[in-house]
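Please read the structure below before turning to the comments.
The values are calculated or read from the model by the stated rules, or taken from the named source; none is laboratory data. Since we're looking at a predicted model, the values are computed, not measured. Note: ideal-geometry Cβ built from the backbone for every residue, glycine included; neighbour counts use all protein chains shown. These accessible areas exclude ligands, DNA and RNA; they are computed on the full protein's heavy atoms, side chains included. Shrake-Rupley method; radii C 1.70, N 1.55, O 1.52, S 1.80 Å.
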Amino acid sequence: MKVLVTGAAGFIGSHLMERLLARGDDAVGLDWYGDNYPPSIKRQNAAAFADRVVEGDILNVALLDDLFAKHDFEAVVHLAALPGVRPSIAEPGRYQAVNVEGTAQIVDAMHRAGVKRLVFASSSSVYGRNEERPYRETDRVDQPASPYASSKRAGELLLTTLHPIFQIGVTSLRYFTVYGPRQRPEMAIHKFVKAVEEGTPIPMFGNGETSRDYTYVDDIIDGTVAALDRCDERFRIYNLGDNRPVTLRELIDKVGEAVGKEPIIEELEEQAGDVQHTLACIDQAAADLGYAPKVPIEEGLRRFVDWYRAQEA
């Protein structure tokens, strides 16, 4: 399959590119080596397929048209976005521009080029302050708790609108707290492992009872590839999570076990924009995509620590 992957040099995108290329797909990447985290990290992520990544901004219409003109893409996996709940509070306008307008530009370029299949990376954050768990794709999602969350929900709404107008099939994937090798350095597990290794305090916001549905990156890639293979003319939404919640306190303890050192905890006040709990119902993804997460948190943390130490050696 000839596939365009936006955000190809990022954490999830680089794993997806490797999986697609390994199975024989003709995958081409697009990524912006900007200032949201060091470009050197992205270049390292994409080292194995650097000749297949075009550097550029999804808001650059001429670049997109040129890219689609040069390649006869059959589908697009749109991962490119500004990530993170807390940074979005500081720059809400920028997040809306990149995450919403950028998605619009991708779909518009697809329409001009006649490309009819899109897999869109959404987020569990769209469930916001929903108190019913596990989260189901049919739940109301009209109370996002951060500008990042609202940008992802706005992207879904935009695609809901353009899907019948442009006759583009869309599969939207709501990722739940993805972790694993190449995770961005500001994300919790990466920060926690670094702190425990160095003997510095882990910042614990709140009382440690918040919980997340941590999902190992290989499982996310399994679900994303299955969604790509099954993407058709319909509009569909799937949760991709692990369906096993872990509290913040439990996560810190498990990080300590994986590293082999006792964590030092610094208790801090809860942060604006954070939700208390997330938990995915993955029944629909299991039924339609054959999605079945395989990597428990203990094994995933062990793999992450092995990768982290290899990078630091």
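Tabulated data for the structure shown
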{"item": "Residue under evaluation HIS277, criteria (1) closer than 24 Å to THR171 by Cβ; (2) open to solvent by less than 80 Å² (accessible area, probe 1.4 Å), criterion not met", "result": "(1)"}
{"item": "Matching helices (runs of 4 or more DSSP H) fully within the range 177-264 where at least 1 residues are in contact with a Lys or Arg (Cβ under 7 Å, 6 or more places away or on another chain) and under 21 Å from SER123 (Cβ atoms)", "result": "188-198, 217-230"}
{"item": "Subset of the range 10-47 [of a type in the set (A, V, I, L, M) and more than 19 Å from ALA310 (Cβ to Cβ)]", "result": "ILE12, LEU16, MET17, LEU20, LEU21, ALA22, ALA27, VAL28, LEU30"}
{"item": "Odd one out for LEU118, checked against (1) at pLDDT 95 or above; (2) out of contact with any Cys (no Cβ under 8 Å at 6 or more places or on another chain)", "result": "(2)"}
{"item": "Breaking point among (1) in contact with a helix residue (DSSP H, G or I) (Cβ under 6 Å, 6 or more places away or on another chain); (2) among the polar types (S, T, N, Q); (3) outside any helix (DSSP H, G or I), for SER125", "result": "(3)"}
{"item": "Among the candidates PHE205, PHE235, residue that is of a type in the set (Phe, Trp, Tyr) and at pLDDT below 95", "result": "PHE205"}
{"item": "Test: residue in the range 3-11 that is on the phi < 0 side of the Ramachandran plot and surrounded by fewer than 19 Cβ atoms within 10 Å (Cβ to Cβ)", "result": "no"}
{"item": "Any chance ASP288 is assigned to a helix (DSSP H, G or I) and in contact with a strand residue (DSSP E or B) (Cβ under 9 Å, 6 or more places away or on another chain)", "result": "yes"}
{"item": "Verdict on ILE41 being β-branched (Val, Ile, Thr) and at pLDDT 95 or above", "result": "no"}
{"item": "Where ALA285 falls short, out of the listed (1) closer than 21 Å to ARG140 by Cα; (2) at pLDDT 95 or above; (3) aliphatic (A, V, I, L, M); (4) open to solvent by 20 Å² or more (accessible area, probe 1.4 Å)", "result": "(4)"}
{"item": "Candidate set from the range 19-38 (those that are among the charged types (D, E, K, R) and open to solvent by 60 Å² or more (accessible area, probe 1.4 Å)); member that is modelled with the lowest pLDDT", "result": "ASP35"}
{"item": "Index of the failed condition, ALA80 passing every other in (1) closer than 17 Å to LEU173 by Cα; (2) open to solvent by 10 Å² or more (accessible area, probe 1.4 Å); (3) more than 16 Å from the chain's Cα centre (by Cα)", "result": "(3)"}
{"item": "Count of residues meeting criterion [basic (Lys, Arg) and at pLDDT 95 or above] in the range 46-89", "result": "2"}
{"item": "Filtered residues of the range 76-90 (kept if touching a residue at least 40 places away in the same chain (Cβ under 8 Å) and more than 21 Å from GLY56 (Cβ to Cβ))", "result": "GLY84, VAL85, ARG86, PRO87, SER88, ILE89"}
{"item": "Residue check, VAL170 open to solvent by less than 10 Å² (accessible area, probe 1.4 Å), at pLDDT 95 or above and part of a helix (DSSP H, G or I)", "result": "no"}
{"item": "Unique residue being at pLDDT 95 or above, open to solvent by 10 Å² or more (accessible area, probe 1.4 Å), more than 24 Å from GLY155 (Cβ to Cβ) and among the acidic types (Asp, Glu) when the list is GLU298, GLU266", "result": "GLU298"}
